[in-house]
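The values are calculated or read from the model by the stated rules, or taken from the named source; none is laboratory data. None of the values given here were measured: they were computed from a predicted structure. Positions of Cβ are backbone-derived with ideal geometry, glycine not excepted, and every protein chain shown enters the neighbour counts. Just the protein is used for accessible areas: all its heavy atoms, side chains included, with ligands, DNA and RNA removed. Shrake-Rupley method; radii C 1.70, N 1.55, O 1.52, S 1.80 Å.
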Amino acid sequence: MRNISPKEQAELDATETREWLESLDYVLQSGGPAKVARLLRELTVHARQNGVKLPFTANTPYINSISADEQVLMPGSPDLERRIKSLVRWNAAAMVVRANKAEEGIGGHISTFASAATLYEVGFNHFFRGHENGDGDVIFFQGHAAPGIYARAYLEGRIGETQLENFRRELKQGGGLSSYPHPWLMENFWEFPTVSMGLGPIMAIYQARFMRYLEDRGLKPKSDAKVWAFLGDGETDEPEALGAITLPAREKLDNLVFVINCNLQRLDGPVRGNGQIIQELEAAFRGAGWNVVKVIWGREWDPLLAKDRDGLLVKRMGEIVDGQYQKYAVESGAYVREHFWGTDPRLLDMVKHLSDDQLKKMSLGGHDPIKVYNAYKAATEFKGAPTVILARTIKGYGLGEAGEGKNITHQQKKMNEEELRAFRTRFGIPVSDAEIAKTPFYRPAEDSIEVKYMRERREALGGYVPSRKNRSTPIKSVARDLFEEFYKGTDGRKASTTMVFVRLLSKMLRDKELGPLVVPIVPDEARTFGMEALFRQVGIYSHAGQVYEPVDMDTLLYYKEASDGQILEEGINEAGSLSSFIAAGTAYATHGVNTIPFFIFYSMFGFQRIGDLIWAAADSRTRGFMLGGTSGRTTLAGEGLQHQDGNSQLLAYPVPNLVSYDPAFAYELAVIIEDGIRRMYVDQESIFYYLTVMNEQYAMPEMPNGAREGILKGLYKFRATAKPDAALRAQLFGSGAILPEVIKAQEILESKYNVGADVWSVTSYGELYREGHACERWNMLHPTQTPRVPYVTQCLAKAPGVLVAASDYVKALPDSIDKWLPRPLSTLGTDGFGRSEGRASLRDFFEVDYRYVIVATLAALARDGKVDASVVDQAIKAHNVNSEKPNPAVS
Ligand SMILES: Cc1ncc(C[n+]2csc(CCOP(=O)(O)OP(=O)(O)O)c2C)c(N)n1
Ligand SMILES: [Mg+2]
């Protein structure tokens, strides 16, 4: 047989391909798409069975998922909508430019919204549902797009010109606008903070799931409201952004829509210069089970794609990397013709009827309202899975020379006169050349067709968004008898504060009024905290119920999943759990339901790991209780360096609306939780709680008379000395699991060393610290009035003797109240890395057990000249304290 030349081979291949395609076309025409799909599936199986290795791909071609002939016409008035969008664009840019003129460096972002304007405007005009007709959509706006959202609210008449003028200057007279979405600062406007990138997407996922939870548990009527999350393509590099995307597919959350603005750029440069972010994201989301809608090309491409019989154009589209696409966006039509189309004469031929200018103006999908409209329509109608829309845009769209598609675009805040003029002309804004230098805001008259149209659309869609308000009715009161059992103590029986919490939680769950509102959240630690009885009592939430027979079905406490289950068992996922906590703790505003979340977790994996989400919870005005379980550096035995938490109580300090406590006893915990529910759900305070609970067991004493106020303020005298008249006196502070050590030291100091020591329980250094500073500040500003005395000073001003504190947390905690005490405080704490050891050894290592309390007390008395140094020395020896051991804080 003669050899076939490569050219002949290519022709044979082409013929063969054509024959196969023609057969397929025939099947498509006669049998329809379903038949083609079946055939292809069977062909694939057959090929695999015969050893053909098929490469895996989760990708579809680099074209729109919705073809031109599938798309529907847009309702409404596209022309008017374009005009409105232009006005929004102008005002958004103007507010940033003005802010930067008025005060150098005040910042702001023009280019994010410039690229996303169509994505938002189509939503505002046709999809985003307000809360007024019942249930509204929940929208997570991309933080850096805030100027556009404000500009629209200004046109709608919801935000005044002064506020717009004071963008990023919130402290100005008359009020300003916060740089980004912050419910804490604009509580009637923004619902969720998103600007710490990655947090918006994960919060949105758990919000969508929580909406289903509320419906399945009958706490809210079923609705087809959506959760929308707008994010940047660069943002998807944050682990939180994509880290939880399998959950909504698993749970079939078709109430969730992600819109990813793929402008191919982030702050420094291209997101994937050498690859394609859209294809990468498509594969990730499809792999996770999402419905993926790609909106890559604008309408001008449709006729070209229709002509692309051989797939040449689609192939060309798919082989260009993003860095190169970015180059096309800034280059001339001639450049695009040469470099994009010029690789094949057949491609060049396809566009020979188009001028360079027309080539340059071929739009991208994310800038074309009809493409975006169809994508949103498909997303909102899709059943059985969440949808992600991957919309291609140009960063800084419309800014022209001022920064369209450039690498510096993200930080472009200024536009010179010429650039402003070009921008004005491009979008047809009625601002004259004479006025342009002032960059005036522009709002058409109240009765203009633009304003009327915007208002009508929003009215039809259920009111303005974003908009936040408390939609719940406060709980009337909290029944004291739920909590009173814990005031009595355990009569010598040992218990841990975790056990106490679980018992209290179980009681609350049984309460008629409170019970249904309680949302227990655990990241795969329920057994660690002894909560497994709750599995059976209230069930684990699962939309699907339980479709299998649990392995422990025949036991009393079997693993019960139910569609109306109450526990959110989040698996090993603290970030997801905290996102659920935020959804549940803000439901009073979002859904008008007073759910009370109790999120219990391994305390070291709370603040330390997901501190930024806790900050977002604070900003969101989340209500509820976070419980750091197995906490304390020396109380968690055996677990070692990464687990033992001596930090979180300090890390809780900076969160302004977080109230933190380190309770030692059952009644302290009960008093704190009862008061917390009252403050948050009866009095409607925008606070939340952090409580550390321990697994060390000891007898729980009875609540001393009159202790309630002190427990809540952070300090009360737990036990006075039996020797108030002793010559040597001391005041000992203990908290959490270290309090029993301090009580033991009190007894020995009295019996062996004749020191009359009072013991104080410090439930919260944080609260004492805040109150102390509040007094100090007031005194500074009111010099002629009677000074306020910090609570801690009131308690201790007349208390005799030396002052000693022992904590299972870092020394900075007790030290933080030192200045309001009458004499210097000697501090014992657990600075340093933990060790894998038992409690006794750990407390020796960290120098926080009763022996160190004794030594510290005697050393302070020696310092004050009350005892001889030799007494301290003898105590060190008597208690086997090793003076030469290395400092645990640095070893
Ligand atoms: C966690 C976090 N890291 C860094 C930043 C700073 N930052 C703000 S915007 C931005 C780039 C955003 O790019 P992209 O997500 O693609 O959004 P685009 O503006 O392009 O729409 C960066 C790095 C931030 N806001 N949050
Ligand atoms: Mg981007």
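General remarks:
- Here residue 254 clears all of (1) more than 14 Å from ligand 2 (Cβ to nearest atom); (2) touching a helix residue (DSSP H, G or I) at 6+ places or on another chain (Cβ under 8 Å) except the condition numbered (2).
- Within region 387-398, the set of residues being under 18 Å from residue 361 (Cβ atoms) and away from ligand 1 (no atom under 13 Å from the Cβ) comprises 398 only.
- Condition check for residue 117: open to solvent by less than 10 Å² (accessible area, probe 1.4 Å), within 16 Å of ligand 2 (Cβ to nearest atom) and in contact with a Lys or Arg (Cβ under 6 Å, 6 or more places away or on another chain): yes
- Set side by side, the residues 864, 818 differ, and just one is touching a Pro at 6+ places or on another chain (Cβ under 8 Å) and under 30 Å from residue 790 (Cβ atoms), which is 818.
- Qualifying residue in region 44-56 (condition: within 27 Å of residue 392 (Cβ to Cβ) and either free of Cβ contacts under 8 Å to residues at least 40 places away in the same chain or open to solvent by less than 80 Å² (accessible area, probe 1.4 Å) (or both)): yes
- Here residue 507 meets each of (1) surrounded by fewer than 16 Cβ atoms within 10 Å (Cβ to Cβ); (2) without any contact (Cβ under 8 Å) to a residue 40 or more places away in the chain with one exception, condition (1).
- Filtered by the rule that a residue be outside any loop (DSSP other than H, G, I, E, B), of a type outside the set (Val, Ile, Thr), at pLDDT below 90 and in contact with a helix residue (DSSP H, G or I) (Cβ under 7 Å, 6 or more places away or on another chain), region 400-436 gives 400, 401, 402, 410, 417.
- Residues that are surrounded by fewer than 20 Cβ atoms within 10 Å (Cβ to Cβ) and assigned to a loop (DSSP other than H, G, I, E, B) occur in region 517-524; there is at least one.
- Within the set 673, 677, 738, the sole residue that is touching a strand residue (DSSP E or B) at 6+ places or on another chain (Cβ under 9 Å), more than 22 Å from residue 808 (Cα to Cα) and crowded, with 19+ Cβ neighbours inside 10 Å turns out to be 677.
- The condition of being under 30 Å from residue 388 (Cβ atoms) and crowded, with 21+ Cβ neighbours inside 10 Å holds for only one of 167, 192, that being 192.
- Only a single criterion out of (1) of a type in the set (D, E, K, R); (2) within 25 Å of residue 244 (Cα to Cα); (3) in contact with a strand residue (DSSP E or B) (Cβ under 6 Å, 6 or more places away or on another chain) is not satisfied by residue 371, namely (2).
- Of the residues examined, residue 138 is not one that is surrounded by fewer than 23 Cβ atoms within 10 Å (Cβ to Cβ) and within 22 Å of the chain's Cα centre (by Cα).
- Restricting the search to helices (runs of 4 or more DSSP H) fully inside region 566-667 and requiring at least 2 residues that are closer than 30 Å to residue 130 by Cα and either open to solvent by 10 Å² or more (accessible area, probe 1.4 Å) or charged (D, E, K, R) (or both) gives 607-619.
- Residue among 129, 152 that alone is of a type in the set (Lys, Arg), open to solvent by less than 10 Å² (accessible area, probe 1.4 Å) and either closer than 23 Å to residue 456 by Cα or away from ligand 1 (no atom under 16 Å from the Cβ) (or both): 152
- Filter result (more than 19 Å from residue 99 (Cβ to Cβ), open to solvent by 10 Å² or more (accessible area, probe 1.4 Å) and touching a residue at least 40 places away in the same chain (Cβ under 8 Å)) within region 396-415: 397, 404, 406, 407
- Residue 840 surrounded by 15 or more Cβ atoms within 10 Å (Cβ to Cβ) and either assigned to a helix (DSSP H, G or I) or modelled with pLDDT of 95 or more (or both): no
- When restricted to residues that are small (Gly, Ala, Ser) and within 30 Å of residue 287 (Cβ to Cβ), region 8-56 contains 6.
- Number of residues in region 759-790 that are over 35 Å from the mean Cα position of the chain (by Cα) and over 23 Å from residue 497 (Cβ atoms) equals 12.
- Criterion (within 29 Å of the chain's Cα centre (by Cα) and at pLDDT 95 or above) met by exactly one of 465, 451: 465
- Residue within region 199-218 that is open to solvent by 10 Å² or more (accessible area, probe 1.4 Å), closer than 21 Å to residue 569 by Cα, at pLDDT 95 or above and part of a loop (DSSP other than H, G, I, E, B) present: yes
- Any hit, region 808-827, residues being part of a helix (DSSP H, G or I) and touching a His at 6+ places or on another chain (Cβ under 7 Å): no
- Pairs with Cβ under 8 Å, 6+ apart, first in region 436-457 and under 15 Å from residue 89 (Cα atoms), second open to solvent by less than 70 Å² (accessible area, probe 1.4 Å) and of a type in the set (Ser, Thr, Tyr): 441/154; 443/154
- Taking residues in region 224-241 that are closer than 22 Å to residue 252 by Cα and more than 16 Å from ligand 2 (Cβ to nearest atom), and partners anywhere that are open to solvent by 20 Å² or more (accessible area, probe 1.4 Å) and of a type in the set (Ser, Thr, Tyr), not one pair has Cβ atoms closer than 6 Å while being at least 6 places apart or on different chains.
- Every test in (1) surrounded by fewer than 24 Cβ atoms within 10 Å (Cβ to Cβ); (2) within 16 Å of ligand 1 (Cβ to nearest atom) is passed by residue 111 save one, and that test is (1).
- Among the residues of region 352-361, at least one is under 21 Å from residue 116 (Cα atoms) and either within 42 Å of the chain's Cα centre (by Cα) or touching a residue at least 12 places away in the same chain (Cβ under 8 Å) (or both).
- Residues within region 416-427 that are more than 37 Å from the chain's Cα centre (by Cα), open to solvent by less than 50 Å² (accessible area, probe 1.4 Å) and either closer than 19 Å to residue 116 by Cα or within 16 Å of ligand 2 (Cβ to nearest atom) (or both), tallied: 1
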